[in-house]
Amino acid sequence: MAAWSNEAFELWYLLHFVYLDVAITRADYITKLENEIRKINGFEDYTYKKNDSGIYSLLQKIGDEPQAKLRAAKLRAIFDGTKDFKSHKPCTCVDILVDELEHPESLLIGT
């Protein structure tokens, strides 16, 4: 499974906090992510750093992964049936990869 996100991987992070169904720039994803995290008590001075090794634990602590998965599926449904994946903005498949990693046994069903 390829875990792609359009326009930026940070869309997956942002979906842990809010639903977004309009295309924005990569820089805007970071700004929105920082703004959402800064709303949380104790994270008012948060600054996002690309490739931060602590982002996973941060999302596990203050984000909502089940909601991020639902929001990602909702975005994909907008583009259902279209194969021009570069035009799927915003959209992500990271949630599918996360599910596969969390439940590898499901990949063996039917093989």
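On the beta carbon distance between L70 and H103, with R0 = 22 Å, the FRET formula returns roughly 0.85. Ellipticity at 222 nm from helices only: DSSP H runs of n ≥ 4 in the chain, each -39500 (n - 2.57), divided by the residue count, give -13000 deg cm²/dmol.
Springs between Cα atoms under 10 Å define the GNM used for the chain, and in it the highest mean-square fluctuation of Y46, Y29, Y56 occurs at Y56.
Taking 7 Å steps out from each Cα toward its Cβ at I40 and V18 produces label points 1.5 nm apart. In order along region 2-16, phi translates into HN-Hα couplings of 8, 9, 9, 9, 10, 8, 8, 4, 4, 3, 4, 5, 4, 5, 5 Hz, rounded to whole numbers, per the Karplus curve 6.51 cos²θ - 1.76 cosθ + 1.60 with θ = phi - 60° and x for Gly and Pro. Backbone amide hydrogens, once placed in the peptide plane, bring C91 within less than 5 Å of N6, E7, excluding anything fewer than 5 places away on its chain. Taking only the alpha carbons of region 47-107, we obtain Rg and Dmax values of 13.7, 37 Å in that order. Pairs of lysines in the chain whose Cα atoms sit within less than 18 Å of one another amount to 11, provided the residues are eight or more positions apart or on different chains. Carbon-plus-sulfur accessible fraction, the chain (probe radius 1.4 Å, protein heavy atoms only): 56%. Per residue, the solvent-accessible area of the chain (1.4 Å probe, heavy atoms of protein chains only, all protein chains present) comes to 61 Å².
Relative to the dominant Cα principal axis of the chain, helix 65-78 is inclined by about 60°. Evaluated with a Cβ-only charge set (Lys, Arg +1; Asp, Glu -1), the chain carries a dipole of roughly 300 debye about its Cα centre, given to the nearest 20.
Looking at region 24-111, the GluC sites (Glu not before Pro) that sit in a DSSP loop and have at most 15 other Cβ atoms within 10 Å of their own Cβ are E44. Inter-label distance, Q60 to I96: 2.5 nm, where each label sits 7 Å from its Cα along the C-beta direction. The trypsin sites (Lys or Arg not before Pro) found in region 60-109 that occupy coil by DSSP, while having at most 12 further C-beta atoms within 10 Å, are K83. Helix 26-38 axis versus longest C-alpha principal axis of the chain: approximately 60°, rounded to the nearest ten.
The values are calculated or read from the model by the stated rules, or taken from the named source; none is laboratory data. Owing to the predicted nature of the structure, the values given are computational and were not obtained by experimental measurement. Using ideal geometry, Cβ is built from the backbone for each residue, glycine included, and neighbour counts are taken over all protein chains shown. SASA here: full protein model, heavy atoms, side chains in, ligands and nucleic acids out. Shrake-Rupley method; radii C 1.70, N 1.55, O 1.52, S 1.80 Å.
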